[in-house]
Amino acid sequence: MKFRLYLPLFLSLPLVLSAANSAENFRLGDDALSGELWEIATLHFTEALKDPTLPAERKPIAAIRLSEALIRGGKPAEALTLLSESFLQGTPGLNFWKGQALTALHRFSEAADALSAELSDEKSPYKTEAALTQASLRIALDQPDAALRSLAGEAPALKLRRAEILFDLNRYKEARAALPKPEDVAESQRPNVAFLEASLLLAEGEPADAASRFAVLLSQREGLSLVRFHATALGMADALAATGNPKGAAESLLVFIQENPDSPLLEAMFDRLIDWLPAVPAANDPIMDKLAAWIPPSDPASAEILESSAATRRLAALALFARATGLHRMGTAAARQEATELLNRLRRQYPESPSASRALIQRARWLLDDGQTAQAFAELDATQEMKDTGLQGEALFLKARLAYETGEIAKAAELFNQAASFLTEPAAHSARLNAALSQLREGAALPILTNGSVADKNLQDDLELERALITKPPAAAKAAIEAFLVRHPTHPRVPEARLAVIEAALESSPPDLVMARAQLDALTTQPEQLEKLPPVSIAMAKLRIADLSNDPKITIPAARAFLEEFPQDPAAAEASLTLGRNLFQTGDYNDARLVLEKLALSDPQPVRAQAARFLAAQSAALVATPQSREEALALFDQVIAAGGPIVPIATMEKARLMIDSKRIPEAIKFLRKWFDSLPKDDPLRLPAGLLLGDAYAQDSGSTQSLAEALAVYDQLLVHAKTQPALLHRLQYFRGMALEQLPQPGDSTKKRENEAFIVYHSVLEAANNQPPAEWEYFERCGFRALELLEKAERWEAAVKLARKIASFGGPKAKDAADRARQLQLKHMLWED
């Protein structure tokens, strides 16, 4: 049993980020945090920190918000690195976010220290949040008293959480004393206070009052989370049962389940229904009738079972188990026979359900109750065909697995240890390992395990490896597994550990290719180790190493070989994407398109399929034949229609292709619609507007198009207030449009004077200092010079040429030479 998360590989596509200033990035980042778009918030606060215009006093704020986005987005290690920067020292809230990052990294002791430091800071804006987090940390470590000490204080939020913990500890009197008054807490927390008040009344022996409180909550559910709302329904039923009305309690749950068949508390609700079944149910018992209605027709076709939703399957499995229990209680031979058939059907049709394991144990329990020990053992060991008393340990093992799957981790650890005392090796070793892993899941330290009075070294070694395998982040996992290999070079799981090191090295940021290659070489030079691993895993490791090495000459053959050897493996889709991307990078656009289009049509993973279709469209566009370009436009339309984060990129790529294909009117119509649909403050207006202006400018001979282009560029100036490079570019495009537009009232003359002013403003803004960029800066300068020459203003032209040269740019010599040529040609001598 391993707690490892295998993440799929995704295509890394370049993002098109607009040139927003720090204030804009702050706004967009805050909006993203409010919308729980952690990756978007990360992008904007990262850009804000990069902005040289960011005021010094805003830099720590940006860093703290970036850290929050990273932590909430599952990147606590990156957040912790940022929070260690010296410029953040003394920043309010620093230790709070350090505590959050350390908690996410399972460094609980350090997290507690950081949160304690935050709690001792009188200026902290997060004192309440820090206390709540520290309390949750202590609860996770099974330290409820320490959690309660963390919540010492009179803040209503702290009192509410303290009351909840005390209630869970069955310390109802103390919970009652801690419970804040509804008017003292935030309005959003009042439903939670009401829920706890109702729960306390039920625990204090006031079920009638509790029922009325639960009823109010059920009728006014606003403010309750989904789980708490469903817990309210469960509490209502418990209150009715406590008043001596189990029939009414059962009816309330039956109605609620009918309306909410995918309830997160469905298992607890069915447990209540089983408890409230009569000792000997009648044939027409309402609970039994409803359970029968939730069970699909007997033995439907396998295709129907597979096509049914997960919620439907879960409900059916629970109904089968509960009805079987009720039938067995009836006591007749026919009812008991039907109960057995229902349990067998449950195990046959819904093997993935926890109820299937419960069915096996339930059937064994019934047989044991009837004194049929041999048959009970045979039932438990149906697949193994074992006949010895060790099956008792197997039953305990199954119970432990059930407890683990339903979240009862501490109980699972106890049951696994009990199973080990009945089982023989190696099953006993497996049971003890699972017990230890359950303790790790609970956050316990690496336990020292014993088998009788002798330390079980093999088990301890296995456990050390398991802990290394679940370590986060990948860089830490790599170090932990490498340490295991150094300490245990002959361990039988060395091949598995080496493969895990390769995966962790490739997932690290940046990837550690040296380590990955070294471990792969160690495997391939030892055939006896290589034989213990799935060939597809080794092939994928080789392919990923080649791809991350940016060597298409190696990657392309490796991807083709993978697809030829493992065409039906789930990893084949990732290999196809890698192949298509590398073919694209080498300019083999036809082959790239064939591979990527095939993947886009067959891949059930929508993100990867859309990325493949987008690259296929780019490949078709770059083939540059009329037919291929038409097909590229159709592919871009498919990407845009599918929605998702790459729609803006696809939209711009389609527009660029239309412009390059000289389909100017279509491009203008397409871009105009998109540009006008974007809010004035949307960063996408900048790239969309630049493309639209380019399209207008290429609409040859159209004065109206030039005027539209100028209007678009004027609208984009707002984006260039703090970006000189963008301003230079926009002023150049504005000047070019003005040069070609007629003067109002005199169509025989062009607006060249306005164009000159626009061009010259770029030189003026530089204030005799080197500009942020040279290309459009010098373009503006030389266009202004040409206009002076066209107007035969020779002295001014000479001076402007010298000014252009004075900046020392790439064309400074050309400007100086032009000044001398004009001076000689027109005999302009200085006094």
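The values are calculated or read from the model by the stated rules, or taken from the named source; none is laboratory data. Since the model is a prediction, treat every value here as computed from it, not as a measurement. Ideal geometry is used to build each Cβ from the backbone, glycine not excepted, and the neighbour counts take in all protein chains shown. Remember, those area values only see protein heavy atoms, side chains included, never the ligands or the DNA or RNA. Shrake-Rupley method; radii C 1.70, N 1.55, O 1.52, S 1.80 Å.
Rank-order 592-600, 179-187 by packing density, defined as the average count of other C-beta atoms within 10 Å over each peptide's residues, highest first.
The packing order, highest mean first, is 592-600, 179-187.
Mind checking the full-extension length gain between VAL227 and GLN605? Use 0.36 nm per residue of separation minus the Cα-Cα distance, one decimal, nm.
133.1 nm is the gain from fully extending VAL227 to GLN605.
List the lysines whose alpha-carbon lies under 16 Å from that of LYS173, not counting same-chain residues fewer than 8 positions away?
Straight-distance partners of LYS173: LYS159, LYS181.
Quick one: Cα centre-to-centre distance for region 92-115 and region 738-760, in angstrom?
63 Å
Evaluate the distance, in nm, between pseudo-label points positioned 7 Å from the Cα of THR625 and of ALA152 along their respective Cα→Cβ axes.
8.1 nm
Can you give me the angle between helix 266-276 and the longest principal axis of the chain, using Cα atoms only, in degrees from 0 to 90, rounded to the nearest 10?
The angle comes out near 20 degrees.
Compute the helix-to-body angle for 226-242: its Cα long axis versus the longest principal axis of the chain, expressed 0 to 90° and rounded to tens.
It is inclined by approximately 20 degrees.
Taking the solvent-accessible surface of protein heavy atoms with a 1.4 Å probe, what is the per residue accessible area of region 569-696 in Å²?
43 Å²
Can you pull the one-decimal nm distance between simple spin-label points at ALA334 and SER109, each 7 Å off the Cα toward Cβ?
6.7 nm
Among LEU686, PRO606, PRO626, whose Cα sits farthest toward the positive end of the charge dipole of region 596-690 (+1 at Cβ of Lys/Arg, -1 at Cβ of Asp/Glu, about the Cα centre)?
It is LEU686, whose Cα lies furthest towards the positive end.
According to a simple spin-label model (label point 7 Å from Cα along Cα-to-Cβ), what is the distance in nm between ALA311 and ALA177?
Going from the ALA177 label point to the ALA311 one covers 4.4 nm.
Classify region 19-115 as rounded, prolate or oblate, taking a ≥ b ≥ c as the square roots of the eigenvalues of its Cα gyration tensor: rounded when a/c is under 1.5, otherwise prolate if a/b is larger than b/c and oblate if not.
oblate
Net charge near GLU154, counting Lys/Arg +1 and Asp/Glu -1 over other residues with Cβ under 14 Å of its Cβ?
The answer is +4.
Assuming 0.36 nm per residue, please report the length gained on full extension of the stretch LEU533 to GLN638 beyond their Cα-Cα distance.
Taking 0.36 nm per residue and subtracting the Cα distance, the gain is 33.8 nm.
Using alpha carbons only, how many angstrom separate the centre of region 129-154 from the centre of region 465-539?
38 Å
With every protein chain left in place, what is the accessible area per residue of region 134-263 in square angstrom, probe 1.4 Å?
Averaged over the residues of region 134-263, the accessible area is 49 Å².
Taking the highest mean first, how do the peptides 794-806, 521-533, 480-492 order by number of other beta carbon atoms within 10 angstrom per residue?
Going from most to least packed, we get 794-806, 480-492, 521-533.
What FRET efficiency do you get for GLU792 and THR722 if R0 is 41 Å and r is their Cβ-Cβ distance, rounded to the nearest 0.05?
In this case the efficiency is close to 0.60.
Compute the Cα gyration tensor for the chain, then decide on rounded, prolate or oblate, letting a ≥ b ≥ c be the square roots of its eigenvalues: rounded whenever a/c is under 1.5, prolate when a/b is larger than b/c in the other cases, and oblate in all that remain.
Cα axes put the chain in the prolate bin.
Which FRET efficiency, nearest 0.05, do LYS680 and GLU57 yield, Cβ-Cβ r, R0 25 Å?
Working from the Cβ atoms, E equals 0.30.
Rank ALA571, GLN585, GLY326 by how far each Cα sits towards the positive end of the charge dipole of the chain (+1 on Lys, Arg Cβ; -1 on Asp, Glu Cβ) and give me just the farthest.
Final value for the positive-end residue is GLN585.
For LYS790, go through the lysines and keep the ones whose alpha-carbon is under 20 Å away, minus same-chain ones fewer than eight residues off.
Cross-link targets: LYS749, LYS750, LYS799, LYS803, LYS825.
What number comes out for the charge environment of LEU615, summing +1 per Lys or Arg and -1 per Asp or Glu over other residues with Cβ under 13 Å away?
Net local charge, LEU615 excluded: 0.
Any idea how far the Cα center of region 229-248 sits from the one of region 165-202, in Å?
Using only Cα atoms, the two centres lie 19 Å from each other.
Taking only DSSP H segments of four or more residues, each worth -39500 (n - 2.57), what value at 222 nm results for the chain once the sum is divided by all its residues, to the nearest 500 deg cm²/dmol?
Value at 222 nm, helices only: -22000 deg cm²/dmol.
Over the chain, what percent of the accessible surface lies on carbon and sulfur atoms, probe 1.4 Å?
Answer for the chain: carbon and sulfur cover 54 percent of the accessible area.
Which one of PRO489, LEU277, LEU102 has its Cα pushed farthest toward the positive end of the charge dipole of the chain, where Lys and Arg give +1 and Asp and Glu give -1 at the Cβ?
Checking the options against the dipole of the chain, the answer is LEU102.
Tell me the angle of helix 127-140 to the major Cα principal axis of the chain, expressed in degrees between 0 and 90 and rounded to the nearest ten.
Once rounded, the angle reads 40 degrees.
Could you name the lysines whose alpha carbon sits less than 19 Å from that of LYS75, not counting residues in the same chain fewer than 8 places away?
LYS98, LYS472, LYS478
Sorting check: for 270-277, 566-573, 629-636, which peptide has the highest mean count of neighbouring beta carbons within 10 Å, and how do the rest follow?
629-636, 270-277, 566-573
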